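Okay, structure first, notes after.
Since every read-out is calculated from the coordinates, none of them should be taken as a lab result. None of the values given here were measured: they were computed from a predicted structure. Ideal geometry is used to build each Cβ from the backbone, glycine not excepted, and the neighbour counts take in all protein chains shown.
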Amino acid sequence: MSNFYGVRAAAATIPARTDALAGVRTRRIAAFGIDIVLVSILAALVWTGLLIVTFGLSAFLLPPIYPLVAFFYNGVTVSGPRMATPGMRVMDLEMRMSESGARAPFINAAVQALLFYLSWLLPPVFLVSFADAEKRCLHDILAGVVVVRRL
C-alpha cells in the first residue's frame, strides 16, 4: 500500500515527487527559528494581558501560558487551509498526513507540536530523521504526519 508520496509502507522507495523532500531538514530548522520567535511574542502578549486583567493576581498561575500558546499556535496554523505555521510558509514547507497526503487535522498538528517540544528533553531522538525515508522525526511518525516542500 503506497501513501500520497509514493512511499510503500513495507519497503521505502523513492517518493513520486523527488523534490518534495529536498532540503526539508534545513528548512524545518529555519522555520522553527521563526516560529519560536512568534510563539514567544504571542505568549508574552497573552501573559501580559492576563496579568493586567487580573491586576497581577494570576502571576503565579501564568507560567503554563507558553506551552499552551505553542500547542494552539501549531494546531490552528497547520490544520488551517495553508497547512503550515508562518515559519513553515516562509520556508516553503507544509505538513500533511503521511498516509493520505490530506491536510492534518487539529489534533494531529497539535500533538506533533507537543511531542516536538518534549523531544527537546532527549535531543538524540532527532537523529531518527536520518534513518527515515521521508525524513520524518520521531514526533512526526508518532503524530502520523510528514513535512514536505509546498506542492
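Amide H to amide H distances under 5 Å link LEU93 with ARG150, where only residues 5 or more positions off or on other chains count and H is placed in the peptide plane.
Distance between the 7 Å Cα→Cβ label points at TRP120 and ASP92: 2.8 nm. Among 58-65, 134-141, 80-87, the peptide with the highest mean count of other Cβ atoms within 10 Å heads the list, and the full ranking is 134-141, 80-87, 58-65.
Mean residue ellipticity, 222 nm, helices only, the chain: the sum of -39500 (n - 2.57) across DSSP H runs of n ≥ 4, divided by residue count and rounded to 500, is -15500 deg cm²/dmol. Cα centroids of the stretch 32-84 and the stretch 88-151: 21 Å apart. Site pair PHE106 and VAL76 shows an inter-label distance of 1.0 nm when each label is modelled 7 Å from Cα along Cα→Cβ. Count neighbours as other Cβ atoms within 10 Å of each site's Cβ, and list the chymotrypsin sites (Phe, Trp or Tyr not before Pro) in the stretch 72-151 that are DSSP loop with at most 14 such neighbours. Here the chymotrypsin sites (Phe, Trp or Tyr not before Pro) that fit, given the DSSP loop and packing criteria, are TRP120.
Only helices reaching 30 angstrom along their own axis (Cα) with mean Kyte-Doolittle hydropathy no lower than 0.5 count here, and for the DSSP H runs of the chain these are 24-53.
So if we plug the beta-carbon distance of LEU127 and LEU45 into 1/(1 + (r/R0)^6) with R0 = 25 Å, what FRET efficiency do we get, rounded to 0.05? The calculated FRET efficiency here is 0.10. Summarised in one figure, the compactness ratio Rg/Rh of the chain, Cα atoms and Kirkwood Rh, is 1.04. Based on C-alpha pairs under 8 angstrom that are at least 6 apart in sequence, the chain has a relative contact order of 27 percent.
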